[in-house]
Number of protein chains: 6
Amino acid sequence: MHHYIKSLSDLENIYRCPGKFKYEEHSVAAHSFKVTQIAQFLGTVEEREGSEINWRRLYEKALNHDYTELFIGDIKTPVKYADPALREHLANVEESMTQSFIYNEIPTEYRAIYTKRLKEGKDETLEGKILSVADKIDLLYESFGEIQKGNPEKLFTEIFQESLTTILLFKSMNSVQYFLKSVLPDLLSGDFTNQEELHTLSKQILSDHEVEQTFAIDI
Amino acid sequence: MHHYIKSLSDLENIYRCPGKFKYEEHSVAAHSFKVTQIAQFLGTVEEREGSEINWRRLYEKALNHDYTELFIGDIKTPVKYADPALREHLANVEESMTQSFIYNEIPTEYRAIYTKRLKEGKDETLEGKILSVADKIDLLYESFGEIQKGNPEKLFTEIFQESLTTILLFKSMNSVQYFLKSVLPDLLSGDFTNQEELHTLSKQILSDHEVEQTFAIDI
Amino acid sequence: MHHYIKSLSDLENIYRCPGKFKYEEHSVAAHSFKVTQIAQFLGTVEEREGSEINWRRLYEKALNHDYTELFIGDIKTPVKYADPALREHLANVEESMTQSFIYNEIPTEYRAIYTKRLKEGKDETLEGKILSVADKIDLLYESFGEIQKGNPEKLFTEIFQESLTTILLFKSMNSVQYFLKSVLPDLLSGDFTNQEELHTLSKQILSDHEVEQTFAIDI
Amino acid sequence: MHHYIKSLSDLENIYRCPGKFKYEEHSVAAHSFKVTQIAQFLGTVEEREGSEINWRRLYEKALNHDYTELFIGDIKTPVKYADPALREHLANVEESMTQSFIYNEIPTEYRAIYTKRLKEGKDETLEGKILSVADKIDLLYESFGEIQKGNPEKLFTEIFQESLTTILLFKSMNSVQYFLKSVLPDLLSGDFTNQEELHTLSKQILSDHEVEQTFAIDI
Amino acid sequence: MHHYIKSLSDLENIYRCPGKFKYEEHSVAAHSFKVTQIAQFLGTVEEREGSEINWRRLYEKALNHDYTELFIGDIKTPVKYADPALREHLANVEESMTQSFIYNEIPTEYRAIYTKRLKEGKDETLEGKILSVADKIDLLYESFGEIQKGNPEKLFTEIFQESLTTILLFKSMNSVQYFLKSVLPDLLSGDFTNQEELHTLSKQILSDHEVEQTFAIDI
Amino acid sequence: MHHYIKSLSDLENIYRCPGKFKYEEHSVAAHSFKVTQIAQFLGTVEEREGSEINWRRLYEKALNHDYTELFIGDIKTPVKYADPALREHLANVEESMTQSFIYNEIPTEYRAIYTKRLKEGKDETLEGKILSVADKIDLLYESFGEIQKGNPEKLFTEIFQESLTTILLFKSMNSVQYFLKSVLPDLLSGDFTNQEELHTLSKQILSDHEVEQTFAIDI
């Protein structure tokens, strides 16, 4: 297990979204921490609203969901989606590299459990869906942080838009409703240069998904 | 909850052990990720050896254990221990700042659960003890990383020594036995300038705790 | 004295105001340089206006005023003020750590002089008051630098406000008068996004202290 | 062409060999500069020894050889080679993304020339072979820089080994002969911790390729 | 030649325009890469318009044009121009240091060619003029990047202005015409805080050089 | 004076010894702080040994001694000494730029005093000699820090050697005697890779200056 523990530190050296100017860099390790924290909160909301949460599964999915970026790095999003065949092929390679890593570095008795842990966690379970949402909420915050500081790259507006759109695919979840009503308005309030554009954009996305606007536009 | 989510990013900007030259910096966010990963592994070992693990509690303790560094920073270890009265006083302040943060930033319905989450997690439960060990294993790896790269500060040898000593306080745990037999030897093998010194030091610490030496000294 | 000289370099590794996103980082070493330079200028103004300056004392106070951050780091301001009891306790710890450092690292014949040098310098002497002002002028410039570059954290506006307010406590000093009339207007002129807000804020603070406005608002 | 010129700056933000601790980072932009400089020198040697160099082709190949990392990043070497099918697939994706970039960003009249420029340049021409060697010489220097500074990752020894081995595939070239006789010995001389290991390794690689040893081992 | 190859890496450590706050740093190595890429494009335009390009000379000039900053660093522009006598003197020193470097580090048989390569390349040939323009286009992009991100230093507006003015000295060249008509408008379009000021400034410079405005002002 | 205060922050962005790989960077601002601290100590020794110190002059000299690097940067040492004519010429330019800065940025009534402050401070007074020694002691510590961490550049050994040699030019001073007897031995003790080489070198330099060896060689 020594190499597994040591590899956690490599995840501190892999930065998200390489090749674009950013005011703040985020490592895969820090992103994983934040996603697990956000998933913990979303699970708390779901539980309060009456759903049963498998907490072990939720934490496990969130904590390990990007570990395999160790093998293929944070391959740039456009590449990932450029070509459905590539996407599938990359998934295969990731899987085969993961298997090979497990075979070489994980002791026999723990292989089964790590095989499960290092699998894609965004499945149809409630915990899988919470992970999908938590991953995008962190991305929304990362892109918002750049927009708010005045990053002139349009890319970050696109990421903001794509993140919010994906979150809205899960709009029937109680935790997503909570996020839209009680968190998003606070994020969008406050002064920053491009506030008006972001308000309009967010309003449009909510409206496209037939979600009532949750924040005031006082401009 | 917006400020809570936003504050996770502040933990990416708080660096551990400020004021000393280091080859690699580690943020509190990344450290929390690594400790949770290590705790996940130690829990897995304990479970395999027949203990019952409360996984929700274990993940929760590990993930949140350093969140309150947001309020008091990574106050330098020597200060923390310089003065028992200060240590207690700092703990009080941390607690009162945590309460004030919870009161201002966490919605009423979630205050109880976050009060519990942001408490010191290193209690006498099995999960609390796993957290104590996981926290020190990450510190052992961080200090080893500096020693191995040739950091001339004696501080890192002291941290290595203190970490291993603390881990050995829990030597009766199955997961600690596993760590000593199957992980520590891999860590100490391989070539690096100060290997001999570190071998001797580790041997001495094991012997002080009446633990049989688990690694070869082939020098 | 070797450890004292070596420790100066540790002050290059302690960064002010940890845990918040900043466009520019400032080390305690660089801050100390700037404060001493600013104190030198304020002393020059006072001397010109007829006051007698003890230059040795002034330089000594400014140069050494943050050396003890070596022991307790730049503990976050909110903590420092959260709790008057903590504040006093921290001051005690700082003092006892300083004494211990002096005892261990400073040769007997120089202990008395370094005990004096590492003491809190902001006393009621003219030189102590100049230090208080110089420390806040540097903080004003640091926070202004962030505001001007578009840092969205409200914290920097609060620091700007708190710094200017503290400077105005010393408004009867000739050097503060000079600063308000001949330096502050130049700082606030020039284009930047939040200029209007900062003008209004500064105007309010001056008016609260019954100081006539010293800069034009041409908006 | 605005986006093409702007994209050159993105290459300053893509770092080679992500995810591993390094003492020095190298951007793709800086690497391209160094490879072109090295190719310029190798071409100079070849020309002096009587070969005819197509200089336009040589510079063009070297300068543009990694531009397409803009689209797929510096995908980690292990991935690239893990799977021959992936390698081919990645090459296809790179090509299709390059075509799409050319179609969107390069004016019609310059598309043909940029299609040629952004193609893989390591072909069987003399200039293509010089590029292959120059690319590996820079990688040899980069890995040597890490080894010499005491980087404990074995990866850099492997990269050193792989680079030298590839260079030796071109041992019949005059410029490679020159490199082995007049540059490599200077690189390997001088004191550094792992010198003995690197000497032995280099000697073995030369001997495997039936190249006479070109440097003294004075240990 | 070992020291020559090694010195390329030193150019990765020399940053342009030292002493001023910048959102993005640019090394001399990366700048040289970008200038060579831009020169390659300008040469392509000239060739298409019927001029004959000596490609070897063009690439050689662009690639090597700042190598001698290795000896004298990026001496700050104001110094360079402060004093015509200094400028000449610095040029002499640079030349004598270059000669000494060539004598010590370049083998006899390659000295003549490197003497030529390390000479100032901005002469009256077409390739020399392309280099002059390419160097300023990269500087224009670097300063624009700072202005667009909200850098409050007036220096970057001055550099933008000076770069555009120098480019316009070569307005009779086809490649400069192309740049003004097809690249500059794209650079100036898009939203950013100081857009209006930069439009007005650029318009003024074009008008001063009797060049028709090439971009829309839609403010 | 606004521009003067603002310019102090530019000194935080000018790094010493540009263009060489270093484990730790040192800004001119931080260097000035350290030199003033060291001068403060050397002055304390001199005073104790019976000399009279003009403390105002000493602090003033040390604090301001590198301010003019704002105008010409940290021009690389080899350039500075390459050519006596250049050295003189650079000194002239520095002086004329300083005069121009004073004329433009310093109010009339303070020009005389700042003209004196921004002058070269290393004169034949006791305070001037202390500054010469303090400047070299900091350089000795900076180069030692690199050597101790394993920096393979020979440059740092040369700087160490040059610094110690210059310090020994002042060997008749009490503070230099103190440094040699009570500080240097502590610096040279402790384990580090190149300790033997540095001991031998230091011994040689002391012996060349007919200074008795002050540290043990226990190798």
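Just so you know, all these numbers are worked out from the coordinates, no wet-lab data involved. None of the values given here were measured: they were computed from a predicted structure. Note: ideal-geometry Cβ built from the backbone for every residue, glycine included; neighbour counts use all protein chains shown.
Which of the helices in chain E meet the span-like rule: DSSP H, Cα axial reach of 27 Å or more, Kyte-Doolittle mean at least 0.0?
The answer, listed by residue number, is E:28-48, E:126-148.
Only counting other Cβ atoms within 10 Å, I'd like F:Asp83, E:Asp10, F:Asp138 sorted with the fewest neighbours first.
Listing F:Asp83, E:Asp10, F:Asp138 from fewest to most nearby Cβ atoms yields F:Asp83, E:Asp10, F:Asp138.
Can you list, shortest first and in nm, the gaps between the label point of E:Ala85 and those of its counterparts in the other copies, using a point 7 Å from Cα in the C-beta direction?
Result for E:Ala85, in nm, nearest copy first: 1.3, 6.9, 7.2, 7.2, 7.6.
With respect to the symmetry axis carrying chain A onto chain E, which residue of chain A exhibits the smallest Cβ distance to that axis, and what is the value in whole Å?
For chain A, the closest residue to the axis carrying it onto E is A:Gly150, 3.
At q = 0.14, 0.15 Å⁻¹, what log₁₀ I(q)/I(0) does a Debye calculation on the Cα points of chain B give, no solvent, two decimals?
-0.95, -1.08
Would you calculate the separation in nanometres between label points at C:Glu49 and B:Glu49, each defined as 7 Å from the Cα along the Cα-to-beta-carbon direction?
So the label points at C:Glu49 and B:Glu49 sit 7.2 nm apart.
Can you pull the one-decimal nm distance between simple spin-label points at D:Ser182 and F:Glu88, each 7 Å off the Cα toward Cβ?
Rounded to a tenth, the inter-label distance reads 4.0 nm.
Can you tell me, using C-alpha contacts under 8 Å and at least 6 residues apart, the relative contact order of the stretch E:32-117 as a whole percent?
Relative contact order comes out at 25 percent.
Tell me, how many Å apart are the Cα centres for the stretch F:6-34 and for the stretch B:138-161?
Between the Cα centres of the stretch F:6-34 and the stretch B:138-161 lies a distance of 27 Å.
Given the DSSP H assignment, sum -39500 (n - 2.57) over each helix run of at least 4 residues in the protein assembly as shown and divide by its residue total; what's the result at 222 nm in deg cm²/dmol, nearest 500?
-20000 deg cm²/dmol
With the contact rule set at Cα under 8 Å and sequence spacing of 6 or more, what percent relative contact order holds for the stretch F:2-215?
Normalised by residue count, the contact order of the stretch F:2-215 is 21 percent.
So how strong a dipole does the stretch B:78-181 carry about its Cα centre when Lys and Arg Cβ are +1 and Asp and Glu Cβ are -1, to the nearest 20 debye?
Roughly 320 debye, rounded to the nearest 20.
Taking every pair of alpha-carbon atoms in the protein assembly as shown, what share in percent sits in each 10 Å bin, from 0 to the bin with the longest distance?
1, 8, 16, 21, 22, 18, 10, 3, 0
One quarter of the convex hull surface, Cα atoms only: what value does that give for the stretch F:132-219 in nm²?
5.1 nm²
Debye sum, Cα scatterers, the stretch C:16-86, no solvent: what log₁₀ I/I(0) at q = 0.12 1/Å?
Calculated log10 I(q)/I(0) at the listed q: -0.46.
Of the listed pairs E:Lys119/F:Lys22; A:Lys119/B:Lys149; B:Lys20/F:Lys129; C:Lys6/C:Lys116; B:Lys119/C:Lys119; A:Lys136/D:Lys20, which have alpha-carbon separations greater than 24 Å here?
Check vs 24 Å cut-off fails for E:Lys119/F:Lys22; A:Lys119/B:Lys149; B:Lys20/F:Lys129; B:Lys119/C:Lys119; A:Lys136/D:Lys20.
Assume the label is 7 Å from Cα along Cα to beta carbon: what separations in nm does E:Lys122 have to the matching positions in the other copies?
3.3, 3.8, 5.1, 5.1, 6.2
For C:Ala112 and E:Glu158, what does the FRET efficiency come to when R0 = 60 Å and r is the distance between their Cβ atoms, rounded to the nearest 0.05?
0.65
Under 8 Å for C-alpha pairs, at least 6 residues apart: give me the relative contact order for the stretch C:1-61, rounded to a whole percent.
The normalised contact order for the stretch C:1-61 reaches 23 percent.
Report the label-to-label distance for C:Thr165 and D:Lys20 in nanometres (one decimal), using points 7 Å from each Cα along the Cα→Cβ vector.
Placing both labels 7 Å along Cα→Cβ, they lie 5.4 nm apart.
Can you sort A:Glu124, C:Glu25 so the residue with the fewest Cβ neighbours within 10 Å comes first?
Fewest-to-most ranking of A:Glu124, C:Glu25: A:Glu124, C:Glu25.
Put a point 7 Å out from Cα along the line to Cβ at E:Ser100; what are the distances to that point in the other copies, in nm, shortest first?
2.7, 5.2, 5.2, 5.5, 6.2
Based on Cβ point charges of +1 for Lys and Arg and -1 for Asp and Glu, what charge dipole magnitude is obtained for the protein assembly as shown about its Cα centre, in debye rounded to the nearest 20?
0 debye
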